[in-house]
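Asker: For reference, the structure I am asking about is given below.
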Amino acid sequence: KYRTWEQALERAKRFRSVKGLISCFHGGFDPPHLGHAKMCSRLYRFGPMFVGFDPNWWLTIRRSSRDNSVHPRFSQLAWRMWEIASLPSVDTVFVLPVDKGHTDEFFEIYRALGVQVLGCDAQHRLRPEYERQMQLLGGSVLAIDNKDLSATQIHERSLVSERYDYI
């Protein structure tokens, strides 16, 4: 299931020729939790499931600037990838080939993979942009409500109650 970007491209090409649709979900998975598993399960119904991981450097820039905390919380990218790859609904995991983390880079990733269904949290701040990009590619966004299952909320709850909802 673990692939380099180049291997993920080749695998997507093979899957598209046989099964037609590719579904994709990407993010930091810091930490992997039940909301991620739920999204992967729902996306798998549409076609082979590709999961892209934000590189640690991107999590540090993107998240630390928002909430002044240390990111990634779980710095072992290989562990986070292993957790998601262990889900039966996931076909391929890879690290996103982002240079600056701009939305146009994500558009190129979706286009290159041939993504037709992109998973996104319903409250995600980039959801309108993802929907615009997927419309340009002739695809769609599957948005599900993970309001109570965000990594930040799970982390904050675990600090207070020592209750963990990680997968």
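The values are calculated or read from the model by the stated rules, or taken from the named source; none is laboratory data. Quick caveat, the model's predicted, so the values are computed rather than measured. Please note: Cβ atoms are built from the backbone with ideal geometry, for glycine as well, and neighbour counts cover all protein chains shown. With ligands, DNA and RNA removed, areas are computed over all heavy atoms of the protein, side chains included. Shrake-Rupley method; radii C 1.70, N 1.55, O 1.52, S 1.80 Å.
Asker: Of these, G20, G28, which one is at positive phi and either open to solvent by less than 60 Å² (accessible area, probe 1.4 Å) or not hydroxyl-bearing (S, T, Y) (or both)?
Answerer: Just one listed residue meets the conditions, G20.
Asker: Let me ask something else about it. Looking at this structure, is Y2 of a type in the set (S, T, Y), modelled with pLDDT of 90 or more and open to solvent by less than 10 Å² (accessible area, probe 1.4 Å)?
Answerer: For Y2, the condition - of a type in the set (S, T, Y), modelled with pLDDT of 90 or more and open to solvent by less than 10 Å² (accessible area, probe 1.4 Å) - is not met.
Asker: Just to verify a result, which residue in segment 105-125, among those that are under 13 Å from the mean Cα position of the chain (by Cα), at pLDDT below 95 and outside any helix (DSSP H, G or I), is surrounded by the most Cβ atoms within 10 Å (Cβ to Cβ)?
Answerer: In this case the residue turns out to be C120.
Asker: What is the number of the single condition among (1) assigned to a strand (DSSP E or B); (2) among the hydrophobic types (A, V, I, L, M, F, W, C); (3) over 19 Å from Y44 (Cβ atoms) that W79 does not meet?
Answerer: (1)
Asker: If I ask for residues that are small (G, A, S), part of a strand (DSSP E or B) and out of contact with any Phe, Trp or Tyr (no Cβ under 6 Å at 6 or more places or on another chain), which ones from segment 1-45 would you list?
Answerer: G27
Asker: Here's another thing I want to ask about it. Of all residues in segment 87-104 being touching a Lys or Arg at 6+ places or on another chain (Cβ under 9 Å) and in a loop (DSSP other than H, G, I, E, B), which is farthest from P32 (Cα to Cα)?
Answerer: Applying the filter and picking the extreme gives G101.
Asker: Still on this structure, please answer the following. Residue check, R14 against (1) surrounded by fewer than 19 Cβ atoms within 10 Å (Cβ to Cβ); (2) in contact with a Lys or Arg (Cβ under 6 Å, 6 or more places away or on another chain), all met but one. Which one?
Answerer: Exception for R14: condition (2).
Asker: For segment 48-92, which positions are crowded, with 19+ Cβ neighbours inside 10 Å and at pLDDT below 90?
Answerer: Within segment 48-92, W58, L59, R63, H71, P72, F74 qualify.
Asker: Another question, if that's okay. Scan segment 46-61 residue by residue and report those that are in a loop (DSSP other than H, G, I, E, B) and under 16 Å from M81 (Cα atoms). Working first, answer last.
Answerer: Going residue by residue through segment 46-61, those that are in a loop (DSSP other than H, G, I, E, B) are 46-48, 54-55.
D54, P55 - these are the residues of segment 46-61 that are in a loop (DSSP other than H, G, I, E, B) and under 16 Å from M81 (Cα atoms).
Asker: Okay, next question. If you go through segment 90-106 one residue at a time, how many are more than 16 Å from A8 (Cα to Cα) and touching a residue at least 12 places away in the same chain (Cβ under 8 Å)?
Answerer: 2
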